[in-house]
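Everything below concerns the one structure shown next.
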Amino acid sequence: MTKPSDRYRANAAEFDARVVAVPADRWENQSPCEDWTARDVVRHVVDTSGMFLGFADEKLPPAPSVDEDPVAAWHSARDAIQRALDDPKVAQKEYDGMFGKASFEQSIHNFLAPDALVHTWDLARATGLDDKLPETASQEVLETLEPMDDKMRGPGAFGDKIAPPPNADAQTRMLCFVGRQP
(Lines give C-alpha, C1' and ligand atoms only; values in the text may rest on other atoms or scores of the structure.)
Protein backbone atom coordinates (compact mmCIF):
# COMPACT_ATOMS: atom_id res chain seq x y z
CA MET A 1 0.00 0.00 0.00
CA THR A 2 1.07 3.55 -0.63
CA LYS A 3 0.64 6.62 1.52
CA PRO A 4 -2.06 8.00 -0.83
CA SER A 5 -3.88 4.67 -0.66
CA ASP A 6 -3.71 4.57 3.12
CA ARG A 7 -4.73 8.22 3.47
CA TYR A 8 -7.72 7.76 1.20
CA ARG A 9 -8.75 4.59 3.04
CA ALA A 10 -8.63 6.35 6.42
CA ASN A 11 -10.46 9.51 5.32
CA ALA A 12 -13.02 7.51 3.34
CA ALA A 13 -13.66 5.43 6.48
CA GLU A 14 -14.51 8.62 8.37
CA PHE A 15 -16.92 9.66 5.62
CA ASP A 16 -18.35 6.15 5.45
CA ALA A 17 -19.08 6.09 9.18
CA ARG A 18 -21.31 9.14 8.72
CA VAL A 19 -22.92 8.01 5.44
CA VAL A 20 -24.09 4.69 6.88
CA ALA A 21 -25.37 6.39 10.05
CA VAL A 22 -27.57 9.01 8.35
CA PRO A 23 -31.18 8.44 9.44
CA ALA A 24 -33.53 8.01 6.46
CA ASP A 25 -35.43 11.19 7.33
CA ARG A 26 -32.31 13.41 7.27
CA TRP A 27 -31.03 13.02 3.71
CA GLU A 28 -32.74 16.24 2.65
CA ASN A 29 -31.38 18.31 5.58
CA GLN A 30 -29.43 21.44 4.65
CA SER A 31 -25.66 21.02 4.84
CA PRO A 32 -23.10 23.72 5.68
CA CYS A 33 -22.45 23.87 1.90
CA GLU A 34 -24.72 26.48 0.38
CA ASP A 35 -27.48 24.94 -1.76
CA TRP A 36 -26.52 21.36 -0.79
CA THR A 37 -28.50 18.88 1.23
CA ALA A 38 -26.89 15.93 3.01
CA ARG A 39 -27.69 13.84 -0.09
CA ASP A 40 -25.95 16.46 -2.27
CA VAL A 41 -22.79 16.17 -0.17
CA VAL A 42 -22.69 12.44 -0.94
CA ARG A 43 -23.53 13.15 -4.59
CA HIS A 44 -20.56 15.55 -4.78
CA VAL A 45 -18.17 12.99 -3.32
CA VAL A 46 -19.45 10.25 -5.66
CA ASP A 47 -19.35 12.51 -8.74
CA THR A 48 -15.88 13.78 -7.88
CA SER A 49 -14.72 10.19 -7.51
CA GLY A 50 -15.96 9.51 -11.03
CA MET A 51 -14.20 12.60 -12.34
CA PHE A 52 -10.87 11.52 -10.83
CA LEU A 53 -11.26 7.98 -12.13
CA GLY A 54 -11.76 9.51 -15.57
CA PHE A 55 -8.35 11.19 -15.31
CA ALA A 56 -6.88 7.67 -15.15
CA ASP A 57 -9.13 6.39 -17.97
CA GLU A 58 -11.26 4.47 -15.46
CA LYS A 59 -14.98 4.71 -14.71
CA LEU A 60 -17.33 4.27 -11.80
CA PRO A 61 -18.93 0.83 -12.00
CA PRO A 62 -22.69 0.55 -12.40
CA ALA A 63 -24.40 1.29 -9.08
CA PRO A 64 -27.60 2.76 -7.71
CA SER A 65 -27.78 6.53 -7.99
CA VAL A 66 -27.34 8.77 -4.97
CA ASP A 67 -31.07 9.52 -5.24
CA GLU A 68 -31.96 5.81 -5.09
CA ASP A 69 -29.47 4.68 -2.47
CA PRO A 70 -26.81 7.13 -1.27
CA VAL A 71 -25.04 4.47 0.80
CA ALA A 72 -24.70 2.02 -2.11
CA ALA A 73 -23.65 4.80 -4.50
CA TRP A 74 -20.97 5.94 -2.06
CA HIS A 75 -19.71 2.39 -1.41
CA SER A 76 -19.39 1.75 -5.13
CA ALA A 77 -17.42 4.97 -5.67
CA ARG A 78 -15.22 4.42 -2.61
CA ASP A 79 -14.40 0.86 -3.64
CA ALA A 80 -13.59 1.93 -7.22
CA ILE A 81 -11.17 4.60 -6.00
CA GLN A 82 -9.53 2.19 -3.57
CA ARG A 83 -9.12 -0.50 -6.25
CA ALA A 84 -7.53 2.06 -8.56
CA LEU A 85 -5.15 3.23 -5.84
CA ASP A 86 -4.19 -0.34 -5.03
CA ASP A 87 -3.38 -1.10 -8.69
CA PRO A 88 0.10 0.35 -9.37
CA LYS A 89 -0.60 0.73 -13.11
CA VAL A 90 -3.65 2.90 -12.44
CA ALA A 91 -2.25 4.66 -9.37
CA GLN A 92 0.82 5.87 -11.25
CA LYS A 93 -1.02 6.88 -14.42
CA GLU A 94 -0.31 10.54 -15.20
CA TYR A 95 -2.51 13.21 -16.72
CA ASP A 96 -2.32 16.96 -17.32
CA GLY A 97 -4.55 18.68 -14.80
CA MET A 98 -5.32 22.05 -13.29
CA PHE A 99 -2.05 22.02 -11.32
CA GLY A 100 0.09 20.52 -14.11
CA LYS A 101 1.13 16.92 -14.65
CA ALA A 102 0.06 14.63 -11.81
CA SER A 103 -0.46 10.96 -11.17
CA PHE A 104 -3.82 9.53 -10.17
CA GLU A 105 -2.53 8.69 -6.69
CA GLN A 106 -1.07 12.19 -6.20
CA SER A 107 -4.44 13.68 -7.07
CA ILE A 108 -6.25 11.42 -4.67
CA HIS A 109 -3.73 12.21 -1.94
CA ASN A 110 -3.88 15.97 -2.53
CA PHE A 111 -7.56 16.43 -3.28
CA LEU A 112 -9.97 13.52 -2.98
CA ALA A 113 -8.74 12.26 0.40
CA PRO A 114 -8.80 15.78 1.93
CA ASP A 115 -12.18 16.43 0.29
CA ALA A 116 -13.61 13.29 1.91
CA LEU A 117 -12.58 14.49 5.36
CA VAL A 118 -13.98 17.99 4.89
CA HIS A 119 -17.27 16.56 3.65
CA THR A 120 -17.36 14.16 6.59
CA TRP A 121 -17.86 17.21 8.77
CA ASP A 122 -20.42 18.69 6.37
CA LEU A 123 -22.47 15.50 6.35
CA ALA A 124 -22.26 15.12 10.13
CA ARG A 125 -23.38 18.71 10.64
CA ALA A 126 -26.27 18.33 8.21
CA THR A 127 -27.58 15.20 9.86
CA GLY A 128 -26.83 15.73 13.54
CA LEU A 129 -24.11 13.07 13.70
CA ASP A 130 -20.76 13.23 15.50
CA ASP A 131 -18.70 15.91 13.70
CA LYS A 132 -15.40 15.27 15.50
CA LEU A 133 -12.61 14.49 13.04
CA PRO A 134 -9.22 12.90 13.81
CA GLU A 135 -6.72 15.61 14.77
CA THR A 136 -3.85 14.10 12.80
CA ALA A 137 -5.95 13.76 9.65
CA SER A 138 -7.26 17.32 10.08
CA GLN A 139 -3.70 18.64 10.41
CA GLU A 140 -2.57 16.68 7.35
CA VAL A 141 -5.47 18.05 5.29
CA LEU A 142 -4.65 21.58 6.37
CA GLU A 143 -0.97 21.13 5.46
CA THR A 144 -1.92 19.68 2.07
CA LEU A 145 -4.39 22.43 1.18
CA GLU A 146 -2.47 25.48 2.42
CA PRO A 147 -0.05 25.58 -0.55
CA MET A 148 -3.05 25.58 -2.93
CA ASP A 149 -4.78 28.43 -1.11
CA ASP A 150 -5.45 30.83 -4.00
CA LYS A 151 -6.18 28.07 -6.52
CA MET A 152 -8.90 26.45 -4.43
CA ARG A 153 -11.14 29.46 -3.85
CA GLY A 154 -14.16 30.45 -5.87
CA PRO A 155 -17.43 29.13 -7.26
CA GLY A 156 -17.73 25.36 -7.04
CA ALA A 157 -14.73 25.18 -4.74
CA PHE A 158 -13.92 26.36 -1.24
CA GLY A 159 -15.11 29.71 0.06
CA ASP A 160 -13.13 32.44 1.74
CA LYS A 161 -11.03 31.57 4.76
CA ILE A 162 -12.33 32.38 8.22
CA ALA A 163 -9.95 33.42 10.98
CA PRO A 164 -9.81 30.58 13.53
CA PRO A 165 -10.11 31.37 17.20
CA PRO A 166 -6.87 31.60 19.22
CA ASN A 167 -5.51 28.20 20.27
CA ALA A 168 -7.87 26.39 17.86
CA ASP A 169 -7.37 22.67 17.39
CA ALA A 170 -6.37 21.23 14.00
CA GLN A 171 -9.96 20.43 13.03
CA THR A 172 -11.11 24.00 13.67
CA ARG A 173 -8.12 25.49 11.82
CA MET A 174 -8.71 23.18 8.86
CA LEU A 175 -12.44 23.94 8.73
CA CYS A 176 -11.83 27.69 8.94
CA PHE A 177 -9.24 27.41 6.17
CA VAL A 178 -11.81 25.81 3.82
CA GLY A 179 -14.41 28.45 4.72
CA ARG A 180 -16.50 26.48 7.20
CA GLN A 181 -17.85 28.05 10.38
CA PRO A 182 -17.16 25.38 13.05
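The values are calculated or read from the model by the stated rules, or taken from the named source; none is laboratory data. Everything numeric in this text was worked out from a predicted model, so none of it was measured. Here the Cβ is made from the backbone with ideal geometry for all residues, glycine too, and neighbour counts use every protein chain on show. Surface areas here come from the heavy atoms of the whole protein model, side chains and all, with no ligands, DNA or RNA. Shrake-Rupley method; radii C 1.70, N 1.55, O 1.52, S 1.80 Å.
List of remarks:
- Residue that is surrounded by the fewest Cβ atoms within 10 Å (Cβ to Cβ), among those in the stretch 52-68 that are assigned to a helix (DSSP H, G or I) and touching a helix residue (DSSP H, G or I) at 6+ places or on another chain (Cβ under 9 Å): Phe55
- Considering residues of the stretch 69-116 that are acidic (Asp, Glu) and not in a strand (DSSP E or B) only, the residue least open to solvent (accessible area, probe 1.4 Å): Asp115
- Put simply, of His75, His119 the only residue that is under 15 Å from the mean Cα position of the chain (by Cα) and within 30 Å of Ala168 (Cβ to Cβ) is His119.
- Verdict on Ala12 being crowded, with 22+ Cβ neighbours inside 10 Å and farther than 17 Å from Leu123 by Cα: no
- Restricting Glu146, Glu135 to residues that are open to solvent by 50 Å² or more (accessible area, probe 1.4 Å), at pLDDT 95 or above and closer than 20 Å to Arg7 by Cα narrows the list to Glu135.
- Taken over the stretch 25-41, the criterion of being touching a Phe, Trp or Tyr at 6+ places or on another chain (Cβ under 8 Å) and assigned to a helix (DSSP H, G or I) is satisfied by Ala38, Arg39.
- Within the option set Pro4, Pro32, Pro23, being closer than 22 Å to Leu129 by Cβ, surrounded by fewer than 22 Cβ atoms within 10 Å (Cβ to Cβ) and at pLDDT below 95 holds for one residue only, Pro32.
- Within the stretch 1-16, the set of residues being in contact (Cβ under 8 Å) with a residue 24 or more places away in the chain and among the small types (Gly, Ala, Ser) comprises Ser5, Ala10, Ala12.
- Neighbours by Cβ (under 9 Å, 6+ apart or cross-chain): first from the stretch 32-45, closer than 20 Å to Cys176 by Cα; second among the basic types (Lys, Arg) and at pLDDT below 95: Pro32/Arg180; Cys33/Arg180
- The set of residues in the stretch 124-182 being basic (Lys, Arg) and not in a helix (DSSP H, G or I) consists of Lys132, Arg153, Lys161, Arg180.
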